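Below: one structure, written as structure tokens.
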Amino acid sequence: MRTITFFDTEIEPNGGKILDIGGTRGDGNLFHSGSLTDFVKFISGSDYLCGHNIFNHDLKYIQNAIDAANIKNLKFIDTLHISPLLFPCRPYHALLKDDKLQTDEINNPLNDSKKAKDLFYDEVAAFHVLDDKLKRIFYFLLSKQREFSGFFNFLQFKETDIDIEKEIRQKFHGQICEHADLADIISENPIELSYCLALINVNDKYSITPPWVLRSYPSVERVMFLLRNNPCLGGCIYCNEALDIYKGLKQFFGFDSFRKYEGEPLQEKAVAAAVKNKSLLVVFPTGERVIIVTGCINALRSRVSGTLVNMIHALLRVIKYNYCKQCMRSKDVLALQY
């Protein structure tokens with residue numbers, strides 16, 4: 001029978017001293033003490049040690065003691081890294097807030113170990129309901145990665161060799177560019193690719209990659225760009241549909257064509273350049289034209305990769321300028337800060 005212990009630590013911020021440890025075994029036994037020696041005895045005989053953000057935090061302070069105790073074949077599971085794969089869609093898991101566990105009590109490792117236990121078994125249940133193709137894709141991309149190997153070992157999930165590139169293209173046909181260099185991404189960025197595919201799979205424009213993932217795996221944005229926001233020259237089902245600026249204009253604004261200014265299709269040129277990821281500065285005589293352009297670009301980009309064109313500061317300055325001008329005309333005196 002596989003035995004698993006869930007744990008959490010409280011560490012002194014400056015000195016790195018262990019202040020408290022909380023533990024919950026799968027059989028219901030509990031541990032709550034500041035003694036690392038006693039904790040090592042508590043986990044003795046466990047096959048798995050599981051917690052939230054343990055690779056980047058907790059293991060730094062207890063790994064040496066585990067090694068010194070000669071606890072063999074102990075496998076580690078980190079619920080933090082698994083959660084974006086299995087709960088990529090809003091509303092996210094109720095126990096999560098970015099890279100932290102939601103908790104009612106501050107500095108209570110025992111309580112947090114119980115929450116890690118609940119989260120872990122929810123992740124196990126979520127994996128079991130994935131379709132078979134996605135299970136295989138995640139397994140072949142992640143099963144040999146430190147952050148995920150313990151999880152797949154616990155599940156006792158195994159698959160015979162598959163053509164992983166072919167499997168991804170079949171599963172995400174029409175959702176990613178057919179000409180994206182998947183072979184290179186699979187080889188160089190398997191974790192980042194997995195997080196991108198998990199988000200694409202839910203097909204929810206309001207769901208985003210958690211900020212901690214972008215900090216820890218900054219190549220996620222580049223991988224998403226290559227999969228979804230890099231129009232291919234030859235054209236494909238995905239690029240022809242998702243990155244078509246005329247279809248986007250019709251879908252999001254209801255217009256059949258962009259307006260022209262003195263015969264020049266300025267709006268169309270601006271949106272087309274942005275979709276092709278060119279750097280550009282666009283100046284229009286009226287705010288209405290700006291809103292159409294930025295709105296169309298934002299709608300297309302947020303649909304394919306969750307990125308936006310930042311117009312907030314520029315629009316606020318326009319509002320401030322026009323408002324102040326109006327106030328001066330009416331001879332009102334007021335203070336406006338920006």
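The numbers here are math on the coordinates, done by the rules we state, and not lab data. Computed from a predicted structure; not experimentally measured. Neighbour counts run over all protein chains shown; Cβ positions are idealised from the backbone, glycine included.
Below is a table of values for the structure above.
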item	result
For the stretch 164-217, convex hull of alpha carbons as volume per residue, Å³	80 Å³
Spatially near lysine pairs across the stretch 168-265, Cα under 22 Å, sequence gap of 8 or more or different chains	5
Those residues of the stretch 173-211 whose amide nitrogen sits under 20 Å from the label point placed on Asp163, 7 Å along Cα→Cβ	173-188
Potential lengthening between Asn153 and Ala94 on full extension [0.36 nm per residue; Cα-Cα distance subtracted]	18.7 nm
Least to most buried among Cys236, Cys196, Cys50 (fewest other Cβ within 10 Å first)	Cys236, Cys50, Cys196
Mean-position separation - Cα centroids, the stretch 190-228 and the stretch 1-66, in angstrom	31 Å
Estimated inter-spin distance, Asn73 and Lys278, nm [label 7 Å along Cα→Cβ]	6.2 nm
Fully extended contour minus Cα-Cα distance, from His179 to Asn56, at 0.36 nm per residue	40.7 nm
Per-pair calculated FRET efficiency, R0 = 25 Å: Leu30 and Ala65 via Cβ, rounded to 0.05	0.80
Estimated distance in nm for a label pair at Glu264 and Leu19, the labels positioned 7 Å out from Cα along Cα-to-Cβ	6.2 nm
Solvent-free Debye scattering, log10 I(q)/I(0), computed from the Cα coordinates of the stretch 107-240 at q = 0.15, 0.17, 0.21 Å⁻¹	-0.81, -1.01, -1.44
In the stretch 1-108, trypsin sites (Lys or Arg not before Pro) in a DSSP loop with at most 10 other beta-carbon atoms within 10 Å	Lys72
Per principal axis, descending, Cα span of the stretch 4-129 in whole Å	41, 32, 24
FRET efficiency for Phe225 and Val124, using Cβ-Cβ distance with R0 set to 25 Å, rounded to 0.05	0.20
Distance (nanometres) between label positions extended 7 Å along Cα→Cβ at Met1 and Thr37	3.1 nm
Full-stretch length increase - Cys232, Tyr206 - with 0.36 nm per residue and alpha-carbon distance subtracted	6.8 nm
Loop sites in the stretch 121-165: chymotrypsin sites (Phe, Trp or Tyr not before Pro), DSSP, at most 15 other Cβ within 10 Å	Phe157
Sorted by Cβ density within 10 Å, fewest first, the residues Val275, Val124, Val129, Val213	Val129, Val124, Val275, Val213
Residue order, fewest to most surrounding Cβ atoms within 10 angstrom, among His93, His128	His128, His93
